[in-house]
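Notes follow the structure.
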Amino acid sequence: MGAACSSDSQDSAPSAATTQAPAVQPTEAVEAPRQELADTFAKLVLEDELVTSFMTRQEITCLAEGAFTVFTDERLGELGLNPESFAEAYQQPGLFVFGDWFDLTDREAFDLENLSLGCVDWRNFVVNVLVAEGEPMDLAECIASQISVEGLRDVVRDAMVVDTGEGFGEAQDEVASALAACYLNEPSTSVS
C-alpha cells in the first residue's frame, strides 16, 4: 500500500498526517464485526494486482487479520472504520494507507507499523519494487540488504500509515545511498 516520523521507541510513536475519512461520521457505530473488516481488507488487497506483485498471499492475510486488532471496538466506531468506509478509502486513486483516511493516533500508527513489520518481508518487498522498476535482481537484492531496520520502518510507514508521495517514503535517501553503494560495489555504512 502506497505512501510522519519521530523515534521508534516504545515511549513515542511516529506522527501520522491525516485527511478526512470518506463519507462516514466518526460517531457511527461499527457496522460489522471485526472479522468482516479483515475479510474486506483481504478481499480488496488480494484483488489488487499491484500489491500482489509485491507481497505474498500469506503476508496480505497476516496484515488483514491483524490490522484491526490495533483498535478497540469503540475506537473503530470513533474512526468510522468499517467494511464500507475501508472499501471506499481503498478504492480511491493511488495506494491506500490507513492514516491518509482515518485520524489515527501516534500509538495506533506505531502499532500498525509493528504489525506490518511482523507480517511482511519488507526487504523482499523492496526487491520486488526495484525489479518492477527495471533494476536487475542482484542489484535489487544488494540495495535491499543495505537498508537499515529504521529505513524499513520508513518504507512500512509510507506503505501502511502515511503516503509521503515518494517511492520509499523517508527511506528514499537511504535507498538512493544503497543504490550508489551497490553500483559501486562498496558496502554501505548506514545499515544498523
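The values are calculated or read from the model by the stated rules, or taken from the named source; none is laboratory data. Please read all numbers here as calculations on a predicted model, not as lab measurements. Counting neighbours? That spans all protein chains shown, and the Cβs are built from the backbone with ideal geometry, glycine included.
Against the numbered list (1) farther than 16 Å from V155 by Cβ; (2) not assigned by TED's automatic domain parsing to the domain that holds F41, V129 comes up short only at (1). Scanning segment 85-111 for residues that are under 19 Å from L46 (Cα atoms) and either of a type in the set (A, V, I, L, M) or surrounded by fewer than 18 Cβ atoms within 10 Å (Cβ to Cβ) (or both) yields A87, E88, A89, Q91, Q92, P93, G94, L95, V97.
Go through segment 168-192 and report how many residues are modelled with pLDDT of 70 or more, closer than 18 Å to N124 by Cβ and surrounded by fewer than 22 Cβ atoms within 10 Å (Cβ to Cβ). Adding up the residues that qualify gives 2. The set of residues from segment 38-60 being assigned to a helix (DSSP H, G or I) and buried (at least 17 other Cβ atoms within 10 Å of the Cβ) comprises A38, T40, F41, A42, L44, V45, V51, E59, I60. Name every residue in segment 74-108 that is acidic (D, E) and at pLDDT 90 or above, in order of residue number. Residues satisfying the conditions are E74, E78, E84, E108.
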